[in-house]
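The values are calculated or read from the model by the stated rules, or taken from the named source; none is laboratory data. As the structure is a computational prediction, the values presented were derived from the model and not from experiment. Don't worry about glycine lacking a Cβ; one is built from the backbone with ideal geometry, like all the others, and counts go over all protein chains shown. The protein model used for the area step is the full one, side chains on, heavy atoms only, and it has no ligands, DNA or RNA in it. Shrake-Rupley method; radii C 1.70, N 1.55, O 1.52, S 1.80 Å.
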Amino acid sequence: QVQLVESGGGLVQAGGSLRLSCSAPGSILGFNAMGWYRQPPGKQRELVARITSGGSTNYADSVKGRFAITRDNAKIAVYLQMNSLKPDDTAVYYCHITPWGSRDYWGQGTQVTVSS
């Protein structure tokens, strides 16, 4: 059973920054891709950013230039640096992983609230 451990959410004012972290300690050997999704109140879950083990990234248009995703292959970890946060970024953020030879897994979610 893969468990993803998330941290870093919270309450921040518009224009502020937060850094989300997610790791899968000791449960898998490697991954094809890791990423972050978010689900705003009353809306569907959407991709925020994704990174492969080789370092290729893709971002939602709404966060390009403000968010940066990085990974640590050895630690099976992914990070999301979020700058210039806006109230529209308010959501529950979920970590996602596609391990080698296994189904995908989701984290439990961490709340990010941006006040105006």
Here the gain from full extension of ASP88 to ASN73, 0.36 nm per residue of separation minus their alpha-carbon distance, amounts to 2.3 nm
Give the relative contact order (percent, whole number) for the stretch 21-72; include only Cα pairs under 8 Å separated by 6+ residues.
-> 28 percent
Cα-based equivalent ellipsoid, the stretch 38-99: semi-axes from gyration tensor eigenvalues, Å | 21, 13, 10
Net length gained if the chain between GLU46 and GLN1 were fully extended (0.36 nm per residue, minus Cα distance) | 13.7 nm
Residues with beta-carbon under 9 Å from that of TYR94, excluding TYR94: net charge, scoring Lys, Arg +1 and Asp, Glu -1?
-> +1
Kirkwood Rh (inverse of mean 1/r, distinct Cα pairs), the stretch 63-116, angstrom | 12.9 Å
Using alpha carbon coordinates only, what is the Rg to Rh ratio of the chain, with Rh defined as the Kirkwood radius?
-> 0.96
At a Cα cut-off below 25 Å, give the lysines reachable from LYS64, other chains included and same-chain residues fewer than 8 away excluded.
-> LYS43, LYS86
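What whole-number value in Å² describes the accessible area per residue of the stretch 8-69 for a 1.4 Å probe?
51 Å²
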Distance histogram in 10 Å bins (all Cα pairs of the stretch 11-68, percent per bin) = 17, 46, 30, 7
Sites GLN108 and LYS64, calculated FRET efficiency, Cβ-Cβ separation with R0 30 Å, nearest 0.05 | 0.65
